[in-house]
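The values are calculated or read from the model by the stated rules, or taken from the named source; none is laboratory data. If you're wondering where the values come from, they're calculated on a predicted model, not measured in any experiment. A quick note on method: Cβ atoms are made from the backbone with ideal geometry, for glycine too, and the neighbour counts reach across all protein chains shown.
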Amino acid sequence: MHLLAATLYVALSLQLWRTRKRVAHTQSFDSGLSSFERALLLAGLLAHGAILYNDIFDGAAGATLMRFGFAIALSFMLWLAIALYWVESFYARMEGLLLIGLPAGAVAAVLPALVPEHHILVNAGSAGFRLHFLVAMLAYSLFTLAALHALLMSAVEKNLHRGRLSPLLSGLPPLLTMEALLFRVIHIAFVLLTMTLISGIAFSEDLFGRALTFNHKTVFAILSWLIFAGLLLGRHFRGWRGKIALRWTLAGFVALLLAYVGTRFVYEVILGRAG
């Protein structure tokens with residue numbers, strides 16, 4: 001099943017590359033994803049989602065134990081980001097995002113099969129914990145989408161400065177439109193991250209069964225929140241845009257990635273323990 005999801009993602013990447021590169025020279029393709037491509041993406045998402053469910057809950061319906069280590073966290077973040085793009089693709093043409101996200105999604109889909117998960121989440125049967133977990137993962141995934149969006153905008157800007165836009169990027173909306181969409185995603189993700197931090201700090205004992213400790217995970221999560229808060233304040237009061245906004249977006253995403261995925265990677269892959 002892991003290989004099936006990865007194969008579907010790779011197949012769609014190749015389809016997008018082949019069709020957009022061929023038709024962009026005639027400027028005749030402007031309808032976004034075709035019905036076939038949309039169905040292929042949905043099939044990949046369904047296969048990837050089934051993998052995640054089995055990996056997290058061991059395939060047991062209503063299970064109260066959840067496995068969620070480095071590989072599953074990265075896979076889940078990218079799955080949600082691609083799922084959000086699938087919804088967004090009904091309203092805007094953003095194949096460039098898929099050309100970045102799908103190869104990463106293909107790697108993430110097989111990662112849980114390559115890296116065994118031993119980290120068990122405590123209090124996973126609690127409704128409060130599951131709500132906290134869902135909000136946190138939505139925030140992570142929206143910031144992942146924002147980071148992919150920022151990389152795409154950077155590629156467009158470099159192409160424009162060279163005076164020649166790559167055929168694969170020629171059908172994208174204007175940079176100002178993409179920038180407005182980027183900040184809309186960041187605003188929503190920032191609210192979700194704020195809710196995650198508040199619930200995690202205020203109700204740590206109820207959610208995790210222990211008092212709050214300022215470990216690497218907490219420090220990097222707060223650092224990420226501060227970076228994104230600074231970005232939004234700079235945007236509001238000083239009109240930050242362009243390269244400075246993209247750099248702050250990527251810096252905040254890296255800090256957020258280190259907060260959980262990076263910490264779990266060190267524990268499970270480098271130190272070889274569930275931690």
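His149 meets each of the listed conditions (1) more than 16 Å from Glu95 (Cα to Cα); (2) crowded, with 23+ Cβ neighbours inside 10 Å apart from (1). Residues in the stretch 32-48 that are under 17 Å from the mean Cα position of the chain (by Cα) and of a type in the set (Gly, Ala, Ser): Gly44 alone. Scanning the stretch 75-94 for any residue that is modelled with pLDDT under 75, in contact with a Lys or Arg (Cβ under 9 Å, 6 or more places away or on another chain) and more than 19 Å from Ala136 (Cβ to Cβ) turns up nothing. In a residue-by-residue description of the stretch 201-219, the property of being modelled with pLDDT of 85 or more and surrounded by 17 or more Cβ atoms within 10 Å (Cβ to Cβ) applies to no position.
Residue count for the stretch 239-257, restricted to those that are assigned to a helix (DSSP H, G or I) and either at pLDDT below 90 or of a type in the set (A, V, I, L, M) (or both): 11.
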